[in-house]
Amino acid sequence: MLESPNLGRLTFNQNRADQFSRFPDMDRWEERGPTGADPNVSAIRAELRQLYLATVQSAQLAADAVPSTQGARQNDQRAQATLGIQLASADPARVGGRQRAQTPPYGELATLLGRDPQDAIDELDQLTEANPDDGRLWQLLGAAQLSVEDYGQAVGALRLAIEHGRDKPVVRQALGDALLGVNKPGAALDQLRQGPDSGRNRLGQATALIRLERVNEALPLLDEAEKLAPELEARVRAVRAGALKLADRQQEAEEEIARGRSLARDRELLDSYDRIARPYPSRGTGSWGFSASLNAGYNDNVALRSDSAPGSAADKADYLFEPAFSGWGVLFGNQTTRVVAYGNVDSRLHAEREGLNEVFTDLGLRVEHDLDESWQVSAGVGAEYGNIDGDSYVFTTRAEVGVHWQQTDWSETSLSYTLSHRDFMFETVPEEDRDGLLHRGVLSQTLRFPELAEGAQVSPYVSLSREQTEGASAENHGWGVGLDGRIRPLDKLTLFAGGGYRTYNYDNPSVRTNFDLEREDETWHASAGVRYRATDWATVGVRYSYLDKDSNIPSSFSYEQNMILATLTLRGP
């Protein structure tokens, strides 16, 4: 099943997993390509935010916490020379039980922060507990937490620093940085506007505005940042290029990338340019795109994807071909709302067993609305027509709703509900016992681990299904769980694997079994493979999958299956 990455985060055709014993497994990643191949809005915003956060100056923030006046310096030096003035880790026995003086050794703590931030955090945790009203200690703690990218803890420490006398532009700037780090751009912008008059500050404000989808306000600030901080020009141009892409100004973005890349000197910045430069499909009104794929391989035990036909258990090996096509167009789109029309043709053809050939055509309309940067809701309708072995058919209409919550750049949750109505016809004869409603809910969680490896993520999911057939008033039901994962060891190479378990019960003895027994199916499935992005528009790969289905009617519905496929995916604009 092809699925364009431009249509939003929630899959819109997973209801087929229950209709035809398919699962929401690695297929949905197989066709999307590696992370960044078609960067979405969230990916670009996250890239631009990281470009800015790489400029965080924790050492400057720590130095500002050290007293700079002569009197304050002398007091600090006297305090450090006093026997009672020790770091929190000092051995109490060595100081003869004397009381710690009131002035902590700020300079020594700042030096420790530069040498070992985690040790400094351990010391400062104890010192702030003993001296909770000392704003300089809270400022140093915030600087240490920023240096290890613990933005959540840094927010609390820097707020306490401001509360206890350190309300200074440099501290406001640092608090804005930390708030950007925890994905709170609105609050970050408020703090950054109270920061110092510097190029880096303008870059921070622009980054926050981009996260708030206020690109047109961000662009003039980037111009100011470039003038005030010429040393940041290559980084500013990268952020500007990404902002222009988000504003659908593709030509200007490409020109900015060409100019900025020539200025970049470090590998990290060049890699950012590469990621920003990858094809980014517009989501504005009138934009469109398509993708086509061809999978070819060997199946050692052929079975219909539809288990609605009695006797559909696998019993013969065969070579198979799976051509597919997907297209989409944005009927209306702005910064927060999109109306998307899409279509898919998905088929499975066999070299020798033409009677098991299947072709499914799917059309739909989907509305997506971004409530804010973290929440998206969606709703849609669609219809699918399936042709099985040339003279058997299934027609499905559906309505669906979904919600997506992106908690952080490394964690997001999706919840979807689909209501489908199906009509079956086998050999021109209606099968009313198999017609009916299907309810399906899917809850999935995606966790990314960029510190582990590029592109590393896992996605556990849970699905629940309930089916009400019309002719026999059956209420069939099932549930499934699974886990998918992937990692990108090289820029163009992705490794993926996944698996899961599904059970389904057919409660009416005659429906979809033709046996006077209630039917119970249990299925285990797993897949793994490799995918290589040969060009910006072509991806090749190999995938292996295994399926083990056990039924209480084994002669017709129990089988094992091994399948290996070579894959080719081509993408349009």
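A few comments on the model shown:
- In nm, spacing of pseudo-spin labels at residue 466 and residue 425 (7 Å Cα→C-beta vector): 3.1 nm
- Extension gain for the segment residue 349 to residue 334, taken as residue separation times 0.36 nm less the Cα-Cα distance, is 1.4 nm to one decimal.
- Ranked order, 184, 316 - accessible area, probe 1.4 Å, largest first: 184, 316
- Projected label points at residue 363 and residue 505, each 7 Å from Cα along the beta carbon direction, are separated by 3.9 nanometres.
- Protein accessible area in the range 111-216, 1.4 Å probe - carbon and sulfur %: 42 percent
- Gyration tensor verdict on the range 517-573 (Cα atoms; rounded if a/c is under 1.5, prolate if a/b is larger than b/c, oblate otherwise): prolate
- Simple spin-label estimate for residue 318 and residue 294 in nanometres, 7 Å along Cα-Cβ: 2.0 nm
The values are calculated or read from the model by the stated rules, or taken from the named source; none is laboratory data. Nothing here was measured: the structure is a model prediction, and the numbers come from that model. Note that we place each Cβ from the backbone using ideal geometry, even for glycine, and neighbour counts take in every protein chain shown. The area values use the complete protein model at the heavy-atom level, side chains included, leaving out ligands, DNA and RNA. Shrake-Rupley method; radii C 1.70, N 1.55, O 1.52, S 1.80 Å.
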